[in-house]
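Take a look at the structure below.
The values are calculated or read from the model by the stated rules, or taken from the named source; none is laboratory data. Small disclaimer: the values here were computed from a predicted structure and weren't measured. No Cβ is skipped: glycine too gets one built from the backbone with ideal geometry, and neighbour counts run over all protein chains shown. The protein model used for the area step is the full one, side chains on, heavy atoms only, and it has no ligands, DNA or RNA in it. Shrake-Rupley method; radii C 1.70, N 1.55, O 1.52, S 1.80 Å.
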Amino acid sequence: MSPDHREIRENLGAWAMGHLSPEEREAVDRHIETCPECRAEADSLKQTGSLLELIDPALIGSLSEPLPNPSPDFDERVMAGLRDPEARKPRRSRRPWRIALPATGAIALVTVALVLLLGGGQGSREAGQEFTFAALPPGVSIDGSLEPRATGTGIEVNVNGMRPGTLCRVYVKTASDKLEPAGTFRYRYSAEEHESYPATLSTAWDLSEIHSLVIKAGDQTFRTDI
Amino acid sequence: MPGEQVREAYRAHSGELFGFACRSLGDRDRAEEAVQECFLKAWRARDKFDPEIGSERTWLYAILRNVIADMGRTDSRRPSGIPLDDSGDSLPSVEQPFERAMLAWQVEEALRRIGERHRQIVVETCLRGRPYAEVAAALGVPEGTIKSRVYYGLRAMRDAMEELGYES
């Protein structure tokens, strides 16, 4: 890529958003008339940029804030319903108890409350786990971490050394030995920043249920045990 | 759609559906209620799912839309952000306003995924419309750096949209 071509290319975002001066815009227009690669990139970025109009201005300030997670027993309640909808567990009520619990129920409730108070709740949740893939092609590295969440497990993957744009499909393998999809990402590398970008994914499986992590990158498959 | 596929769909899409419900209803408990009801409806109607009409993900979003609409009717607190229809159908018919609401949510989610450095530049220049020179001065970087970060930010956003199933 020639320096001129690269400079033009890095102006394509501003071009797509209509942020260039008339002179700069003209220079980009001239270049993309004869460069199909930059033309395609410019058109694609213009379309992406136009999607920003859909953002509600009132939400702009909250885009950096994480959305809340569902409550810890949410997956269990939904999955119970998917086995037998009639037998689904009722959601927790905010109303005070109206029915006296039978003695055994009360004892069980107290026991559960004690377990939670003495360390069975959030405090005892398992810690996150780091992973590193071995047996990779020369120059390629994949590592990251798994973090327990209320809704399953958060997965952060750091890839280095692949061809930028490579589509990576991530799966977790559980005791059933079946591959469960955990999301996809494209390997992103910024030539400007000399930096790869981590991918953040998640799975509804608990960390304790994940036996290995599999990444299919292009036509290659990599696996590491957890 | 076999029952196991509904469970797999839950594992694959419940996170973003919950986020969409939270954004629409503004309340975590009500969002949980909506997503739970959405999957129960999907479970009951699983034999009617036709992949030739739309993707599993779109189908689930459409069911969730109707659940949220129903909650809006029975609750005077009409959900914000999603245009409601008056059809009363329990199963989805995908229509323009809903697709727009879903797309808006995807764009928001994509912006959350692209990383703080790029998001900050995209937000300040593309959404808030601040001049590049002003943003560059505030961050202590050359104006050219802001231009290239807009470029890489939009590219990252495009990739994130693709990860979320958006097809241009």
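For segment B:137-158, enumerate the residues that are open to solvent by less than 40 Å² (accessible area, probe 1.4 Å), in a helix (DSSP H, G or I) and without any contact (Cβ under 8 Å) to a residue 12 or more places away in the chain.
Taking segment B:137-158 first, the residues open to solvent by less than 40 Å² (accessible area, probe 1.4 Å) are B:141, B:145-154, B:156-157.
Then drop every residue that is not in a helix (DSSP H, G or I), which leaves B:145-154, B:156-157.
Across segment B:137-158, the qualifying residues are B:THR145, B:SER148, B:TYR151.
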Could you tell me which residue of segment A:172-209 is farthest from B:GLU4 (Cα to Cα), considering only residues that are touching a Leu at 6+ places or on another chain (Cβ under 7 Å) and more than 11 Å from chain B (Cβ to nearest Cβ)? A:LEU207
Under the condition of being under 11 Å from the mean Cα position of the chain (by Cα) and open to solvent by 50 Å² or more (accessible area, probe 1.4 Å), which residue from segment B:93-112 is modelled with the highest pLDDT? B:ARG100
Condition check: open to solvent by 10 Å² or more (accessible area, probe 1.4 Å) and within 18 Å of B:ASN66 (Cβ to Cβ). Does B:SER14 satisfy that? yes
Condition test on A:THR104, is it at pLDDT 85 or above, over 17 Å from the mean Cα position of the chain (by Cα) and open to solvent by 70 Å² or more (accessible area, probe 1.4 Å)? no
Mind checking which residues of segment A:22-72 are loosely packed, with under 14 Cβ neighbours inside 10 Å and in contact (Cβ under 8 Å) with a residue 24 or more places away in the chain? A:PRO72
Consider B:ALA31 against the criteria (1) more than 7 Å from chain A (Cβ to nearest Cβ); (2) under 16 Å from A:GLU180 (Cβ atoms); (3) open to solvent by less than 10 Å² (accessible area, probe 1.4 Å): it satisfies all of them except one. Which criterion is unmet? (2)
